[in-house]
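Asker: Dropping the structure in here first, questions after.
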Amino acid sequence: MTAPTKNWTGALREAGLRSLPPERLLPETQPSYVASWIYVFGALTMAALGIITATGLVLAVMGPTWWHHSATGHFVNSLHLWSVELFFFAMVVHLWGKFFMAAWRGNRALTWMTGVVCFMASVGTAFTGYLSQTNFDAQWIATQAKDGINSTGAGAVFNVLNVGQMLMWHITLLPLAVGAIAVLHVLLVRKRGVVPPFADDMTKTEVAK
């Protein structure tokens, strides 16, 4: 029998298995140092992002009238808001924790940079979310922000007073960017592993010598 001709899907599958074998993509065990509290905030960030996505989908489907005038809408809107607050709290702690741990060690520079870019995209997503509330708070934020944004020239394409434009940025483009970067970040963590503490890393270096 002749070996089947390898097409692009087969090559892509094999490349994926080489880069992320199942035992690394979905590990059953973790190093003992992962029990430290600082490692919790990355998982907490992803959990909050899941709640944000679920509540955001409900709000997008039901619309502003529902979240302004329905008791259930108020609840879902509040859940969306406070999950965003939790998301940023956990992400900032995670970001600074990894900064002081020098999380780019061990060929993890791309993992670190995707986390930073994800944070920046999340700030833009949150900003457009505040502008999409369709209330006086959103109006105040928009009128205060427009002069600063217009002074950079970005106001020609990013009009904070255009509620429809801000809503589309908030529920389509920016969430897709955050989601894609977050998935890439997690895959890189699976591929390279979580960064060890300095003491553990130094011990491994000494043993290797």
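Asker: Scan (1) more than 23 Å from VAL186 (Cβ to Cβ); (2) touching a residue at least 40 places away in the same chain (Cβ under 8 Å); (3) not in a helix (DSSP H, G or I) for the single condition VAL160 breaks and write down its number.
Answerer: With respect to (1) more than 23 Å from VAL186 (Cβ to Cβ); (2) touching a residue at least 40 places away in the same chain (Cβ under 8 Å); (3) not in a helix (DSSP H, G or I), VAL160 is out only on (2).
Asker: Let me ask something additional. Looking at segment 1-29 only, could you name the residues that are assigned to a loop (DSSP other than H, G, I, E, B), at pLDDT 80 or above and surrounded by 10 or more Cβ atoms within 10 Å (Cβ to Cβ)?
Answerer: The answer is LEU20, PRO21, PRO27.
Asker: Which one is nearest to the chain's Cα centre (by Cα) among residues in segment 47-57 that are of a type in the set (A, V, I, L, M, F, W, C) and crowded, with 17+ Cβ neighbours inside 10 Å?
Answerer: Going residue by residue through segment 47-57, those that are of a type in the set (A, V, I, L, M, F, W, C) are 47-49, 51-52, 54, 57.
In the following step, the residues that additionally are crowded, with 17+ Cβ neighbours inside 10 Å were identified as 48-49, 52.
Values: ALA48: 10, LEU49: 7, ILE52: 11 Å.
If we take residues in segment 47-57 being of a type in the set (A, V, I, L, M, F, W, C) and crowded, with 17+ Cβ neighbours inside 10 Å, then LEU49 is nearest to the chain's Cα centre (by Cα).
Asker: Another question, if that's okay. Can you tell me which residue is surrounded by the fewest Cβ atoms within 10 Å (Cβ to Cβ) among those in segment 149-188 that are within 25 Å of the chain's Cα centre (by Cα) and small (Gly, Ala, Ser)?
Answerer: Just the residues of segment 149-188 that are within 25 Å of the chain's Cα centre (by Cα), to begin with: 149, 154, 157-160, 163-188.
Next cut, small (Gly, Ala, Ser) only: 154, 164, 177, 179-180, 182.
Values: ALA154: 12, GLY164: 9, ALA177: 17, GLY179: 14, ALA180: 13, ALA182: 18.
The extreme case among them is GLY164.
Asker: Please indicate, with yes or no, whether at least one residue in segment 87-109 is of a type in the set (Val, Ile, Thr) and either in contact with a strand residue (DSSP E or B) (Cβ under 8 Å, 6 or more places away or on another chain) or in a loop (DSSP other than H, G, I, E, B) (or both). Show your work before the answer.
Answerer: From segment 87-109, those of a type in the set (Val, Ile, Thr) are 92-93; that's our starting set.
With the extra rule that they be either in contact with a strand residue (DSSP E or B) (Cβ under 8 Å, 6 or more places away or on another chain) or in a loop (DSSP other than H, G, I, E, B) (or both), the set shrinks to none.
Taking every residue of segment 87-109 in turn, none turns out to be of a type in the set (Val, Ile, Thr) and either in contact with a strand residue (DSSP E or B) (Cβ under 8 Å, 6 or more places away or on another chain) or in a loop (DSSP other than H, G, I, E, B) (or both).
Asker: If ALA71 meets every condition in (1) loosely packed, with under 10 Cβ neighbours inside 10 Å; (2) among the aliphatic types (A, V, I, L, M); (3) in contact (Cβ under 8 Å) with a residue 40 or more places away in the chain apart from one, which number is that one?
Answerer: Just one mismatch for ALA71, condition (3).
Asker: Output the qualifying pairs, or none if there are none: Cβ atoms under 7 angstrom, residues six or more apart or on different chains, first residue in segment 100-127 and over 30 Å from ILE141 (Cα atoms), second residue among the basic types (Lys, Arg) and modelled with pLDDT of 90 or more.
Answerer: That search, which allows pairs on different chains as well, returns TRP112/LYS98.
Asker: Which residues, counting only those in segment 7-56, are polar (S, T, N, Q) and either in contact with a strand residue (DSSP E or B) (Cβ under 9 Å, 6 or more places away or on another chain) or farther than 20 Å from LEU81 by Cβ (or both)?
Answerer: ASN7, THR9, SER19, THR29, GLN30, SER32, SER36
Asker: Listed residues TRP82, TRP37; which is among the hydrophobic types (A, V, I, L, M, F, W, C), surrounded by fewer than 16 Cβ atoms within 10 Å (Cβ to Cβ) and at pLDDT 95 or above? First the steps, then the outcome.
Answerer: Details: TRP37 fails: at pLDDT 95 or above.
The unique qualifying residue is TRP82.
Asker: With the requirement that a residue be of a type in the set (Ser, Thr, Tyr), in a helix (DSSP H, G or I) and farther than 30 Å from ALA103 by Cβ, what does segment 30-86 give you?
Answerer: Of all residues in segment 30-86, those of a type in the set (Ser, Thr, Tyr) come to 32-33, 36, 39, 45, 53, 55, 65, 70, 72, 78, 83.
Checking which are in a helix (DSSP H, G or I) leaves us with 32-33, 39, 45, 53, 55, 65, 72, 78, 83.
Matches in segment 30-86: THR65, THR72, SER78.
Asker: So ASN107 ticks every box in (1) at pLDDT 95 or above; (2) under 21 Å from VAL183 (Cβ atoms); (3) of a type in the set (S, T, N, Q); (4) loosely packed, with under 13 Cβ neighbours inside 10 Å but one. Which box is left unticked?
Answerer: (1)
Asker: Moving on. Do we find a residue being polar (S, T, N, Q), crowded, with 16+ Cβ neighbours inside 10 Å and either on the phi < 0 side of the Ramachandran plot or out of contact with any Leu (no Cβ under 7 Å at 6 or more places or on another chain) (or both) anywhere in segment 138-148?
Answerer: We begin by selecting, within segment 138-148, every residue polar (S, T, N, Q); these are 139, 143-144.
Next, only the ones that are crowded, with 16+ Cβ neighbours inside 10 Å stay: none.
Within segment 138-148 (the criterion being polar (S, T, N, Q), crowded, with 16+ Cβ neighbours inside 10 Å and either on the phi < 0 side of the Ramachandran plot or out of contact with any Leu (no Cβ under 7 Å at 6 or more places or on another chain) (or both)), the answer is no, since none of the residues qualifies.
The values are calculated or read from the model by the stated rules, or taken from the named source; none is laboratory data. Just so we're clear, the structure is a prediction, and the values are computed from it rather than from any experiment. Cβ coordinates were reconstructed from backbone atoms using ideal geometry, including for glycine residues, and neighbour counts include every protein chain displayed.
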